[in-house]
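Some notes on the structure that comes next.
What follows draws every value from the coordinates through simple rules; no lab data is involved. Nothing here was measured: the structure is a model prediction, and the numbers come from that model. Heads up, the Cβs are rebuilt from the backbone with ideal geometry, glycines too, and the neighbour counts pull from every protein chain shown.
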Amino acid sequence: RSVQEGVGSARWVVTPPSAVPEKMKAWVYDEYGDAGVLKLDEAVSVPPVGEDQVLVRVEAAALNPVDSKRRMGKFKATDSSLPTVPGYDMAGVVVKVGSQVKNLKEGDEVYGHISEKVLEGPKQYGSLAEYTAVEEKLVALKPKNIDFAQAAGLPLAIETAHEGLERAGFSAGKSILVLGGAGGVGSLVIQLAKQVYEASTVAATASTPKLELLKSLGADVAIDYTKENFQDMPEKYDVVFDTVGQGDKAVKVVKEGGSVVVLTGAVAPPGFRFVVTSDGSVLEKLKPYLESGKVKPIVDPKGPFPFSQVVEAFSYLETGRATGKVVISPI
Ligand code: NDP
């Protein structure tokens with residue numbers, strides 16, 4: 001990536017990908033708190049590469065609400081130790097491979113969610129950095145038709161959408177209500193339900209300015225939550241996928257024998273909550289849908305935010321009003 005001008009000549013020397021520096025720029029925090037604890041450190045050690053890992057030159061990263069919750073110390077008990085380089089989602093170029101890596105090589109363009117378990121021992125050296133080390137099995141080759149910024153926004157959200165639909169037993173011909181259809185996860189649940197699982201009906205909630213987006217993603221019914229309460233409407237669904245934290249209302253609109261999957265907040269049976277597990281094979285499975293454009297990454301139009309504006313990007317994410325993904329690029 002680094003290109004240096006030859007001294008005293010017009011020659012350009014392209015540094016080979018194997019020339020990995022020892023230090024890198026990364027966002028770091030050494031105490032829990034609001035976005036103000038984040039600092040840009042210019043001399044963080046490039047993480048070591050395990051035998052089953054690749055080192056990635058990160059080109060783009062994306063933020064998730066869990067990055068904020070983790071930084072606030074909400075799951076301190078199972079977190080990795082401080083200081084932390086935050087970030088789960090990334091897209092970039094492989095610059096080094098561990099001895100046991102089977103399918104990836106230097107120069108491959110990859111993307112993924114780098115911590116297998118989000119809450120239990122997430123990586124101390126995350127994706128908001130110039131380099132990050134990640135297990136080969138957690139990443140996949142980036143579809144050629146999407147750029148790094150678009151790719152970086154996908155992994156955690158699309159793996160959550162996919163795992164939730166699988167756990168709910170979603171399948172062709174079933175109906176679904178997506179609560180929070182314009183967010184990072186919801187925008188992908190709508191698309192997967194419609195394009196991959198062949199839902200009979202997809203309904204989704206959002207505020208007034210986002211209803212057109214819901215339709216463009218494949219929702220048959222767009223419910224404006226500022227005007228209507230979905231739980232007071234007559235329709236019932238085979239599956240309700242709650243990304244907002246409305247489990248109590250969600251269970252009221254599920255059909256007998258149906259499933260209610262929630263990502264946050266409490267829920268009573270038949271509702272259930274789960275925490276996503278990172279898995280590169282899900283990205284592989286969904287690749288044809290991404291390559292054909294049937295499933296599209298949605299990057300919030302306020303971004304991508306440059307690497308210097310990670311604090312601003314977090315503040316924006318934390319308004320809870322993001323459309324699709326808050327992406328950091330270039331890095
Ligand atoms: P986002 O920040 O992308 O969600 C923002 C979206 O939420 C906005 O578009 C907003 O739309 C919408 N929204 C907010 N309130 C409502 C409402 N009352 N009704 C409908 N839509 C609403 O979040 P993510 O999609 O990334 O994550 C959603 C939640 O799921 C977070 O709490 C996150 O931590 C959790 N999560 C849990 C995972 C797990 O494994 N358990 C994995 C991934 C996420 P508008 O502006 O129109 O209100």
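Tabulated data
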item: Extension gain, Ala19 back to Val221 (0.36 nm per residue minus Cα-Cα distance, nm); result: 67.5 nm
item: Distance histogram for the stretch 54-172 (every C-alpha pair counted, 10 angstrom bins, percent rounded to whole numbers); result: 14, 43, 32, 10, 0
item: Modelled FRET efficiency - R0 30 Å, Ser80 with Asp248, Cβ distances, 0.05 increments; result: 0.35
item: GNM result for the chain, Cα springs below 10 Å: residue of Val276, Val254, Val66 fluctuating most strongly; result: Val66
item: Whole-number Å³ per residue for the convex hull built on Cα positions in the stretch 176-266; result: 85 Å³
item: Computed Kirkwood radius, in angstrom, where 1/r is averaged over Cα pairs of the chain; result: 20.4 Å
item: Computed P(r) (all Cα pairs; the stretch 13-84; 5 Å bins; percent); result: 3, 12, 19, 21, 20, 13, 6, 3, 1, 0
item: Highest-fluctuation residue, Ala204, Ala266, Ala161 considered, GNM on the chain with Cα pairs under 10 Å; result: Ala266
item: Net dipole in debye of the chain [+1 Lys, Arg Cβ; -1 Asp, Glu Cβ; about Cα centre; nearest 20]; result: 300 debye
item: Ascending count of other beta-carbon atoms within 10 Å, so fewest first, for Ile331, Ile190; result: Ile331, Ile190
item: Fewest-first sequence of Thr84, Thr264, Thr208 by Cβ atoms within 10 Å of each Cβ; result: Thr208, Thr264, Thr84
item: Sorted by Cβ density within 10 Å, fewest first, the residues Thr78, Thr201, Thr160; result: Thr78, Thr201, Thr160
item: Cα-projected label distance for Lys144 with Lys105, points at 7 Å along beta-carbon direction, nm; result: 1.6 nm
item: Qualifying GluC sites (Glu not before Pro) in the stretch 91-149, DSSP loop, other Cβ atoms within 10 Å at most 13; result: Glu120
item: Separation of alpha-carbon centers, the stretch 108-171 and the stretch 260-279, rounded to whole Å; result: 19 Å
item: Inter-label distance for Arg273 and Met233, nm, one decimal - labels placed 7 Å from Cα along Cα-to-Cβ; result: 2.5 nm
item: Full-extension gain in nm, Lys69 to Glu284, via 0.36 nm per residue minus C-alpha separation; result: 74.5 nm
